[in-house]
1. Every residue in the range 17-30 that is open to solvent by 10 Å² or more (accessible area, probe 1.4 Å) and not in a loop (DSSP other than H, G, I, E, B), please.
2. Any idea which residue in the range 247-268 is nearest to Gly197 (Cα to Cα), counting only those that are open to solvent by 100 Å² or more (accessible area, probe 1.4 Å) and in a loop (DSSP other than H, G, I, E, B)?
3. Would you point out which residue out of Thr344, Thr273, Thr338 is of a type in the set (S, T, N, Q), under 25 Å from Leu151 (Cα atoms) and exposed (fewer than 15 other Cβ atoms within 10 Å of the Cβ)?
4. Check the range 301-320 and report whether any residue there is in contact with a Gly (Cβ under 6 Å, 6 or more places away or on another chain) and surrounded by fewer than 20 Cβ atoms within 10 Å (Cβ to Cβ).
5. Which of (1) in contact (Cβ under 8 Å) with a residue 12 or more places away in the chain; (2) within 30 Å of Arg332 (Cβ to Cβ); (3) not aliphatic (A, V, I, L, M) is the odd one out, the single condition Thr89 does not satisfy?
6. Is at least one residue of the range 101-123 closer than 24 Å to Asp381 by Cα and either in contact with a helix residue (DSSP H, G or I) (Cβ under 6 Å, 6 or more places away or on another chain) or touching a residue at least 24 places away in the same chain (Cβ under 8 Å) (or both)?
7. In the range 39-66, what count of residues is obtained for those that are buried (at least 22 other Cβ atoms within 10 Å of the Cβ), at pLDDT 90 or above and touching a Lys or Arg at 6+ places or on another chain (Cβ under 8 Å)?
8. Do we have Leu98 as part of a strand (DSSP E or B) and open to solvent by 10 Å² or more (accessible area, probe 1.4 Å) here?
Amino acid sequence: MPSSHPLPPSCHWFSVLASALDPRSAPRLAWLLVGAVLARGRRTVTSWIRAAGLSRAFRPCYTAVAAAGARTDLAAVHLAREVVKPLVTDATRLTFALDDTPTERTGRHVQGAGVHHNPTPGPAGSPFVYGHVWVVLGLLACHPAWGVVALPLLARLYIREKTLAAMAPVDRPPFRTKLELGVDLMRWAKMWFGMLGKPLWVVADGAYAMAPFLKPMRALAVTVVSRLRKDAALWTVPGPKPTHRRGPQPTYGDRRIDLAKRGGQRRGWSTGTFTLYGKATAKRYKSFVATWRPAGGAIRVVLVDEPTGWVAFFCTDPAATVADILESVAARFSLEVTFRDLKTVVGAGQQQVRRVRASVGAFHVCLWTFTMTEAWAWGRDADGLVGHRSASPWDDGARRPSHADKRPAWRRELLAEQIHAVLRPGLTAQEIHAAAERLLNLAA
């Protein structure tokens with residue numbers, strides 16, 4: 001699979017994304033994206049190079065990965081236009097999911113790596129992890145049969161301020177908090193998705209429900225849905241301003257709302273059925289409008305009665321319905337599923353690169369190949385994606401195809417296209433031997 005061969009027909013997306021780079025690096029990045037899909041075992045950049053047949057040009061390939069790390073915003077624009085936009089044309093609004101996730105790294109010389117909180121330590125895992133932390137923006141797309149799928153578009157590398165001090169000045173990016181990185185990602189989304197004329201929503205983890213993130217979102221006219229602290233300082237909605245009083249209409253009321261008292265009262269609960277996590281679920285809830293200073297004005301608050309106690313959510317659009325809020329909160333879980341698949345199936349974080357730009361480029365190659373794999377499988381029959389389940393009779397054949405099903409299916413199609421490209425008239429024995437050896441190496 002040398003780089004002089006044309007890309008397979010189903011890989012035209014890779015060429016579109018690679019066009020964001022300099023023409024000297026673009027062809028290598030396109031083939032590295034192919035190699036990232038075809039690679040098996042440990043997903044290092046070296047395995048991508050081998051799968052793409054670029055072993056003799058391995059040094060320029062590493063340069064192409066670093067170049068991709070410097071042009072992620074433009075490449076993500078191509079991804080949004082060519083790959084993601086057709087999947088959400090029928091949506092009444094565009095809902096994004098925002099969260100951060102760590103990728104474990106090893107080695108003292110990996111730039112930007114440090115000790116971070118581990119959100120999923122497991123039964124025997126450490127509460128801390130050494131590596132990188134990424135703030136990831138994903139678009140939530142609803143498949144008619146498979147439900148909500150989070151399609152990651154763009155990410156920002158978060159580096160602790162004390163870690164930045166140890167980096168060389170030439171490689172040292174400015175320090176920005178996770179909230180500032182989240183605002184930067186949503187500004188990018190507003191710029192390129194706002195032109196579609198649809199309302200933009202973002203559902204984020206409770207750690208992003210703070211004024212440095214919420215107030216810029218209000219200025220961008222982006223609706224935020226997130227979890228609300230039980231001790232949040234809520235105030236009532238202000239009444240009409242007296243005619244004799246000068247000045248603007250007050251933004252906040254004069255009475256404090258105690259969430260603990262609202263949640264503890266037995267009166268006022270309603271019951272409704274909502275589509276959560278792909279099935280109809282009955283929930284007891286309370287809903288009211290309040291004002292909150294970190295959000296810069298009025299919000300819709302929803303209290304949900306759970307077996308372990310009540311929890312609170314909010315939306316910066318007071319006109320939002322309870323169903324909109326709870327279904328958005330449930331849909332955010334698809335981004336957590338994406339994080340799991342990125343690390344276990346795609347191999348995000350396994351790339352053995354050291355410099356910041358190379359790490360950013362390698363992580364985005366994993367993000368983009370994940371999104372393109374989901375888009376490739378979007379309109380295909382589920383039976384064609386999970387045909388290999390016949391070798392696993394213990395598996396549940398009724399479940400929706402996972403990313404671990406879709407990626408091998410795309411890999412099989414790419415290999416079939418390579419075989420068909422080789423089987424042409426006038427083929428020499430040397431070319432047949434080289435093609436057979438290359439395909440056997442990929443299959444082994």
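The values are calculated or read from the model by the stated rules, or taken from the named source; none is laboratory data. No experiment lies behind these values; they were computed from the predicted model shown. Heads up, the Cβs are rebuilt from the backbone with ideal geometry, glycines too, and the neighbour counts pull from every protein chain shown. We work out accessible area using only protein heavy atoms, side chains counted, and drop any ligands, DNA or RNA first. Shrake-Rupley method; radii C 1.70, N 1.55, O 1.52, S 1.80 Å.
1. The initial filter retains those residues of the range 17-30 that are open to solvent by 10 Å² or more (accessible area, probe 1.4 Å), namely 19, 21-28.
Answer for the range 17-30, where residues must be open to solvent by 10 Å² or more (accessible area, probe 1.4 Å) and not in a loop (DSSP other than H, G, I, E, B): Ala26, Pro27, Arg28.
2. Filtering the range 247-268 for residues open to solvent by 100 Å² or more (accessible area, probe 1.4 Å) gives 248, 254-256, 261, 266-267.
Checking which are in a loop (DSSP other than H, G, I, E, B) leaves us with 248, 254-255, 266-267.
Details: Pro248: 31, Asp254: 37, Arg255: 38, Arg266: 43, Arg267: 41 Å.
Per the stated criteria, the residue is Pro248.
3. Values: Thr273 fails: under 25 Å from Leu151 (Cα atoms); Thr338 fails: exposed (fewer than 15 other Cβ atoms within 10 Å of the Cβ).
Of Thr344, Thr273, Thr338, the one residue that is of a type in the set (S, T, N, Q), under 25 Å from Leu151 (Cα atoms) and exposed (fewer than 15 other Cβ atoms within 10 Å of the Cβ) is Thr344.
4. Residues of the range 301-320 that are in contact with a Gly (Cβ under 6 Å, 6 or more places away or on another chain), as a first pass: 303, 310.
Next, only the ones that are surrounded by fewer than 20 Cβ atoms within 10 Å (Cβ to Cβ) stay: 310.
Yes, that holds for at least one residue.
5. (1)
6. Our first condition is that a residue be closer than 24 Å to Asp381 by Cα; within the range 101-123, this holds for none.
No, the range 101-123 has no match at all.
7. Looking only at that region, the number is 2.
8. So Leu98 fails the test.
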